[in-house]
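For reference, the structure discussed in these notes is given below.
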Amino acid sequence: MKMSITSIAAVLLGLANAGMAAAPAPGAVNVLNPNTAKVEEMGTLPQMNAQIAQTVVAGRPYANTAALNALLTKSLNDTQRAEVNTRLFVPINLNTATREEILLIPGMSNRMVREFLEYRPYSSIEQFRREIGKYVDAKEVARLESYVTLK
């Protein structure tokens, strides 16, 4: 069966519109949202077990990662919480997050917090990529994007 470029493009567009997810950008981290993740998913994360995961589910909803962090303080030390935060994180809103919330992003520096704040308000994730991409490479932008939202 021969297909024209236009036909192939139409099929691909149809797949995209049907909900086919794009491949994650290199550097992106598979971060679970504690407001939606299942106990089984969380239980596979470093430093987590089924009991802690069930406690996280029972504490829903989390307005922000600081609230999740406060709950995890009861079961995990600082080092353990930092490791969990790399994979379990309430996405922060780029336009409303406080300096303290931004600092909870794993690997965040004071310099990068300043850059995040300087470019507010963000009108799109593409703007975030472009502006933060002035300071770090594309892999790091993709990693940071795993922890943020505009919603």
(request) Please enumerate the residues belonging to segment 85-101 that are surrounded by fewer than 22 Cβ atoms within 10 Å (Cβ to Cβ) and hydrophobic (A, V, I, L, M, F, W, C). (result) Ile92
(request) Return the residue satisfying two criteria in turn: it lies in segment 34-70 and is small (Gly, Ala, Ser) and assigned to a helix (DSSP H, G or I), and of such residues it is farthest from Val148 (Cα to Cα). (result) Ala50
(request) Could you give me the residue pairs with C-beta distances under 6 Å whose first residue belongs to segment 134-149 and is within 15 Å of Val90 (Cα to Cα) and buried (at least 20 other Cβ atoms within 10 Å of the Cβ), whose second residue is among the basic types (Lys, Arg) and modelled with pLDDT of 95 or more wherever it lies, and which are 6+ apart or on separate chains? (result) none
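Do the conditions hold for Arg114, that is, is it more than 13 Å from the chain's Cα centre (by Cα), touching a residue at least 24 places away in the same chain (Cβ under 8 Å) and loosely packed, with under 15 Cβ neighbours inside 10 Å?
In short, no.
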(message) Need the failing condition index for Glu100 against (1) without any contact (Cβ under 8 Å) to a residue 12 or more places away in the chain; (2) part of a helix (DSSP H, G or I), just the number.
(response) (1)
(message) Just to be sure before I move on: is Leu88 over 12 Å from Val148 (Cα atoms), at pLDDT 95 or above and within 13 Å of the chain's Cα centre (by Cα) in the structure I sent?
(response) yes
(request) Among what's in segment 71-84 and is under 18 Å from Ser146 (Cα atoms) and charged (D, E, K, R), pick the residue that is surrounded by the most Cβ atoms within 10 Å (Cβ to Cβ). (result) Arg81
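Sort out which residues of segment 130-151 are among the basic types (Lys, Arg), part of a loop (DSSP other than H, G, I, E, B) and at pLDDT 95 or above, and write them in order of number.
Lys134
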(message) Could you go through segment 100-108 and let me know if any residue there is touching a Gly at 6+ places or on another chain (Cβ under 9 Å) and either modelled with pLDDT of 95 or more or of a type in the set (Ser, Thr, Tyr) (or both).
(response) no
(request) Determine if segment 117-125 includes at least one residue that is under 19 Å from Ala28 (Cα atoms) and aliphatic (A, V, I, L, M). (result) yes
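The values are calculated or read from the model by the stated rules, or taken from the named source; none is laboratory data. Model, not experiment: these values are computed from the prediction. Quick reminder, even Gly has a Cβ in these numbers, built from the backbone with ideal geometry, and neighbours come from all protein chains shown.
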